[in-house]
1. Being free of Cβ contacts under 8 Å to residues at least 60 places away in the same chain, of a type in the set (A, V, I, L, M, F, W, C) and surrounded by fewer than 18 Cβ atoms within 10 Å (Cβ to Cβ) is the requirement here; does F122 meet it?
2. If V80 satisfies all but one of (1) over 21 Å from R139 (Cβ atoms); (2) assigned to a strand (DSSP E or B); (3) of a type in the set (A, V, I, L, M, F, W, C); (4) more than 16 Å from the chain's Cα centre (by Cα), what's the number of the condition it fails?
3. So, in the range 113-135, of the ones that are among the β-branched types (V, I, T) and assigned to a strand (DSSP E or B), which residue ends up farthest from V65 (Cα to Cα)?
4. Please find, within the range 40-53, the residue that is farthest from N102 (Cα to Cα) out of those that are in contact (Cβ under 8 Å) with a residue 40 or more places away in the chain and surrounded by fewer than 17 Cβ atoms within 10 Å (Cβ to Cβ).
5. Checking V105 against (1) surrounded by 14 or more Cβ atoms within 10 Å (Cβ to Cβ); (2) at pLDDT below 95, only one condition comes out false. Which one?
6. Counting only residues that are of a type in the set (V, I, T) and within 18 Å of the chain's Cα centre (by Cα), how many does the range 66-77 have?
Amino acid sequence: MRKTHLIPTLLLVLATSTACEIFEDRSPENLFLKMSGDPGASVQLMMSTEFIAGVNEVGMTEVKVFRSDTIVIALPVDTVISISRYNQFLLEATPFSADTMNVSVRIDVDTRKQLDESGDIFRINPWRYVYVFNQPVTRSVEIII
């Protein structure tokens, strides 16, 4: 007779623990950026959290930037950016002291890996990355001025 009471109790515990995940806030807090390459090589980074982005009819993500910060920094880069206010991030990387540069980039949002790739970046065609929480974007990015 005791076993019949155990099953409804287990079902209630299981349903309650699963339902808690529904109410969990997964809004991003921080973006972790790591960029490496030739030590000491300079790269120009344009970063923004204040923009709008959308995918156009040909599959390109178009970004209209309202406010950004541009810095020139020596590799390696290892920084944390708060994205809790706007839940989005734009990065444009351009070699500063050469026409081309080989870099490795890793981007995590909180504990979730978003990007881990290596390759060449070019002065005439900067490397761009867009993250927007709960909105699909493509890797093909155009910045509209």
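The values are calculated or read from the model by the stated rules, or taken from the named source; none is laboratory data. All of these numbers come straight from a predicted model, not from anything done at the bench. No Cβ is skipped: glycine too gets one built from the backbone with ideal geometry, and neighbour counts run over all protein chains shown.
1. Yes: the conditions hold for F122.
2. Result: V80 fails condition (4) only.
3. Across the range 113-135, the extreme among qualifying residues is I121.
4. Per the criteria, the residue is Q44.
5. (2)
6. So the answer is 2.
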